[in-house]
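A short write-up of the structure that comes next.
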Amino acid sequence: MDAACAQTAVRTRDDALIAALTVRRDALVSAWSLTDVKARKDAIKSAWKTYGSARKNAWKTFKNTMKKTC
């Protein structure tokens, strides 16, 4: 295993996870500012769904990079 490649893979994964958390935080803050209960619920659900997808993609990319490149 190439240590430099692993370092890059970890950094890339963690940067993607931090970005996903930031987007989720901003979306949730925005959702909670909505006064319409249905709109708020839909926005919260969307924020969590988007975060889940981003998190899965970050880990999938990391695992593939570690297996195939490093």
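Taking a ≥ b ≥ c as the square roots of the Cα gyration tensor eigenvalues, with a/c under 1.5 meaning rounded and otherwise prolate when a/b beats b/c, else oblate, which class fits the stretch 7-67?
Details: a/c = 8.32, a/b = 2.78, b/c = 2.99.
Oblate is the answer for the stretch 7-67, as a/c is 1.5 or above yet b/c matches or exceeds a/b.
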For the stretch 52-61, in residue order, the Karplus 3J(HN,Hα) values (coefficients 6.51, -1.76, 1.60; θ = phi - 60°; whole Hz; Gly and Pro = x) are x, 5, 5, 5, 4, 5, 4, 5, 5, 4
Residue separation times 0.36 nm, minus the C-alpha to C-alpha distance between residue 50 and residue 32: what's the value? 4.8 nm
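So, with a 1.4 angstrom probe, what is the percent of accessible area on the chain that is carbon and sulfur? Working shown, then result.
Values: 3110 of 5300 Å².
The computed percentage sits at 59.
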If you roll a 1.4 Å probe over the heavy atoms of the protein chains, what accessible area per residue do you get for the chain, in Å²? 76 Å²
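The values are calculated or read from the model by the stated rules, or taken from the named source; none is laboratory data. All values derive from a computational prediction rather than experimental measurement. SASA here: full protein model, heavy atoms, side chains in, ligands and nucleic acids out. Shrake-Rupley method; radii C 1.70, N 1.55, O 1.52, S 1.80 Å.
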